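The values are calculated or read from the model by the stated rules, or taken from the named source; none is laboratory data. Just so you know, these numbers come straight off a predicted model, no measurement behind them. FYI the Cβ positions are ideal-geometry reconstructions off the backbone, even for glycines, and counts take in every protein chain you see.
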Amino acid sequence: MKLLIAALFAVALPIAQAKLPAPDAATQARAQEAAARAAWQAKVDGFQLCKSQDRVVAQYRKTGAAATPAAAATPCAEPGPFAYTPPEQKPLETAGAHSPPATAASPPSGSSNAAQIAPGGKKP
């Protein structure tokens with residue numbers, strides 16, 4: 001029985017360690033938008049919590065349970081509507097994937113010209 005479990009584990013281990021392919025651009029864009037939406041939702045949650053705390057404090061002070069003066073509190077900042085602008089994607093050529101960063105000042109073969117390479121000239 002132990003041998004069977006060890007064999008199954010030995011077969012399943014390489015499958016479990018296989019790497020997933022890299023995400024494509026569309027998947028990365030969706031992930032970035034989801035992260036931006038989650039950050040915005042966290043701001044909205046914080047704003048709603050701040051407003052509810054303000055209401056609780058106002059009600060507490062109104063009942064007169066403790067007549068303490070109001071401390072200077074920072075106002076709740078509303079996050080506004082969700083707005084996501086995806087970063088611009090450069091085309092492959094303008095991204096510098098294939099081209100060198102500087103303009104070529106001389107041919108890539110060096111400074112020798114055809115007359116120096118074949119000094120015999122034209123044949124009759």
* Matching option when the condition is more than 30 Å from Thr85 (Cβ to Cβ) and assigned to a helix (DSSP H, G or I), among Ala36, Ala29, Ala6 -> Ala6
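Residues are listed down the side, and each one gets a yes or a no for (1) part of a helix (DSSP H, G or I); (2) at pLDDT 90 or above; (3) exposed (fewer than 13 other Cβ atoms within 10 Å of the Cβ):
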position: Pro23; (1), (2), (3): no, no, yes
position: Phe47; (1), (2), (3): yes, yes, no
position: Arg55; (1), (2), (3): yes, yes, yes
position: Gln59; (1), (2), (3): yes, no, yes
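Hey, does the range 69-92 have a residue that's of a type in the set (Asp, Glu), surrounded by 10 or more Cβ atoms within 10 Å (Cβ to Cβ), modelled with pLDDT of 75 or more and part of a loop (DSSP other than H, G, I, E, B)? Please lay out each step first, then the result.
Within the range 69-92, the first condition is being of a type in the set (Asp, Glu), and the residues that meet it are 78, 88.
In the following step, the residues that additionally are surrounded by 10 or more Cβ atoms within 10 Å (Cβ to Cβ) were identified as 78.
Remaining after also requiring modelled with pLDDT of 75 or more: 78.
Filter once more, keeping what is part of a loop (DSSP other than H, G, I, E, B): 78.
Within the range 69-92, one or more residues are of a type in the set (Asp, Glu), surrounded by 10 or more Cβ atoms within 10 Å (Cβ to Cβ), modelled with pLDDT of 75 or more and part of a loop (DSSP other than H, G, I, E, B).
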